[in-house]
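Engineer: Handing you a structure now.
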């Protein structure tokens, strides 16, 4: 009898875990739908609800970071992407998002650093390669402009 109760408790616990996962997936999916509709506030609210369900899910932090980045809250976005990085199995995604945030801040050296970290994780990750190339090109153009402007002092 005791073994049957233990088995039922185990089945119940498994059902609870599955229900939690389903709820989490629905919240994240709805947040993505809202994000795609450009309703970032609604997306953020669904991500906060998802965060309550699972505080170690990198997708939640990634989403909060993207919404923050869109709203110009770059430092908060970097914090969210770093939290995603802590739990992520695809670190190249987070490194690229951090690199893009530094790119938007016009901190091209820092952007290149993070794009390179992404490439170290996955050298076929096109987004990181494209981001690095763009940041390096713009950095080069800044140096060339500076050199040109200094010529008048020679």
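The values are calculated or read from the model by the stated rules, or taken from the named source; none is laboratory data. Just so it is clear, the model here is predicted, and its values are computed rather than measured. Neighbour counts run over all protein chains shown; Cβ positions are idealised from the backbone, glycine included.
Engineer: Which members of the stretch 56-75 meet the condition of being under 19 Å from residue 92 (Cα atoms), out of contact with any helix residue (DSSP H, G or I) (no Cβ under 6 Å at 6 or more places or on another chain) and outside any helix (DSSP H, G or I)?
Structural biologist: Selection gives 57 alone.
Engineer: Check 119, 78 and return the single one that is more than 24 Å from residue 42 (Cα to Cα) and either modelled with pLDDT under 95 or buried (at least 19 other Cβ atoms within 10 Å of the Cβ) (or both).
Structural biologist: The match here is 119.
Engineer: Any residue at all in the stretch 128-136 that's surrounded by fewer than 14 Cβ atoms within 10 Å (Cβ to Cβ), outside the structural domain of residue 31 (by TED's automatic domain parsing), outside any loop (DSSP other than H, G, I, E, B) and touching a residue at least 24 places away in the same chain (Cβ under 8 Å)?
Structural biologist: no
Engineer: When you scan the stretch 91-113, do you find a residue that is surrounded by fewer than 13 Cβ atoms within 10 Å (Cβ to Cβ), at pLDDT 95 or above and in a helix (DSSP H, G or I), even just one?
Structural biologist: There is no residue in the stretch 91-113 that is surrounded by fewer than 13 Cβ atoms within 10 Å (Cβ to Cβ), at pLDDT 95 or above and in a helix (DSSP H, G or I).
Engineer: Could you pull out the residue among 57, 139, 133 that is more than 10 Å from the chain's Cα centre (by Cα) and within 29 Å of residue 26 (Cα to Cα)?
Structural biologist: 57
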